[in-house]
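Take a look at the structure set out below.
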Amino acid sequence: MTGRTISGATLVALLASTPAAAQIEKEFINPAGGYTHVVTVTDRGVKTIYVSGQVGSGADLRAHAESAFQGVADQLEAAGASMRDVVKIRIYVTEFDPEQYSVISAARLAAFPEDAWPVSTMLGINALAREGLRVEIEATAVLADPGADFELTRIGPSRGFSQAVVARHGAVKTIWVSGQTGRGDDLMAQTSFVFDRVSQRLADAGATMADVVKINTYIVNFDPEQHLGPFGQGRASAFGENPPSSTLLGIDRLVNDRIQIEVDAVAVVEESGRTERLTREFLDPAGSFTQVVTVRGDGAKTIYVSGQVGRTGEPLETQTRQAFAGMKRRLEAAGATPADLVKVIYYLPGYTPGNTGIAGAREANAFPTNDLPASTLLGIQSLYSTAALFEYEGIAVVQP
């Protein structure tokens, strides 16, 4: 995942349903076989940029971290943006020791201008796409044309990252919340604490838990039989009748060995006093989460799809095909197709390089072979069940 030259960039202008409707443009920059390094979506003068996970190289962790950040910067440059425009990053580190956090923190601090720190989540995971990789970094950036009705606000700066970043486009505010960590003697206590922290960050940004459309949860040494119940109860109590889409992962380590859980979030809220109206749909509720959440103002509709899985007990190849079929069904329910995906993340417990079944699953479900989404592939410790072997989540954008 290190290609950095524009190759066959593709512009897709989606037709509006009426001449008066806003149009969106998508650009696929640096295609790389089974994914695209950078996918951009431009809507009424505001460009959102999704950068695939960029990996590092070098003699030590510092070199890997610094070169991975440079990879993100290079891909942004190809899209006409810079590190100043980044609103969100996730950093994945293999063989992570909490004592090494200062190395990652220093590289992050050096990568961004002091007044442009993004929200951030950092995870210790089991494996990346290839052996020998130590660091991978994915990013989301937002860039507005001069004169666009747009404002970007960063809240709670903290040595290289912000606690929340708010992008207001017209009357619609998208809020990204940094990974919030738990505190307490057990997972139940830490889960309650972490959702309280998410709620506080949202309040600082003028939102509530009812405005959350997507959460990602990371639990250290996750044991489905022991931990799924307490976490599910905590998640259910944190949200109202319309819970967000969700992905739950078991990972290797967090920044401190006392921390058992970390949660990051995306919320979308309407700014009062404007004529534009925000519409949200919560499709296919599944207890304490929703399979698909859509958001739309006057422009594009963005679709957040929960992690999709296959049937436990089946081989990896079968589960992968079933997960792709699930993604296709969820997108269809939201009025979209797999061609509308702009970002996906694949999660595989016990991952070994080359053993995914993704290409076959894409073909079996008639997914597009061109203009593929930005993507990240991670080897993690576990999923919601010890027998679950594959999960992937996605973000899609469609013409209003």
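Here are the numbers:
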{"read-out": "Flag if Arg183 is outside the structural domain of Val198 (by TED's automatic domain parsing) and not hydroxyl-bearing (Ser, Thr, Tyr)", "value": "no"}
{"read-out": "Residue that is surrounded by the fewest Cβ atoms within 10 Å (Cβ to Cβ) [pool: residues in segment 364-382 that are among the hydrophobic types (A, V, I, L, M, F, W, C) and more than 17 Å from the chain's Cα centre (by Cα)]", "value": "Ala366"}
{"read-out": "Scan of segment 239-280 for residues that are surrounded by fewer than 21 Cβ atoms within 10 Å (Cβ to Cβ) and either in contact with an Asp or Glu (Cβ under 6 Å, 6 or more places away or on another chain) or under 17 Å from Gly299 (Cβ atoms) (or both), ordered by number", "value": "Glu270, Glu271, Arg274, Thr275, Glu276, Arg277, Leu278, Thr279, Arg280"}
{"read-out": "Test: residue in segment 25-45 that is modelled with pLDDT of 95 or more, more than 22 Å from the chain's Cα centre (by Cα) and surrounded by fewer than 20 Cβ atoms within 10 Å (Cβ to Cβ)", "value": "yes"}
{"read-out": "Test: Ala359 is outside any strand (DSSP E or B), over 21 Å from the mean Cα position of the chain (by Cα), under 26 Å from Tyr218 (Cβ atoms) and of a type in the set (Gly, Ala, Ser)", "value": "no"}
{"read-out": "Residue count for segment 200-238, restricted to those that are modelled with pLDDT under 95, closer than 21 Å to Thr290 by Cβ and exposed (fewer than 15 other Cβ atoms within 10 Å of the Cβ)", "value": "4"}
{"read-out": "Leading residue by the ranking (surrounded by the most Cβ atoms within 10 Å (Cβ to Cβ)) among those in segment 174-196 that are in a helix (DSSP H, G or I) and in contact (Cβ under 8 Å) with a residue 60 or more places away in the chain", "value": "Thr191"}
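The values are calculated or read from the model by the stated rules, or taken from the named source; none is laboratory data. Just so we're clear, the structure is a prediction, and the values are computed from it rather than from any experiment. So basically every Cβ, Gly included, is an ideal-geometry build from the backbone, and we count neighbours across all protein chains shown.
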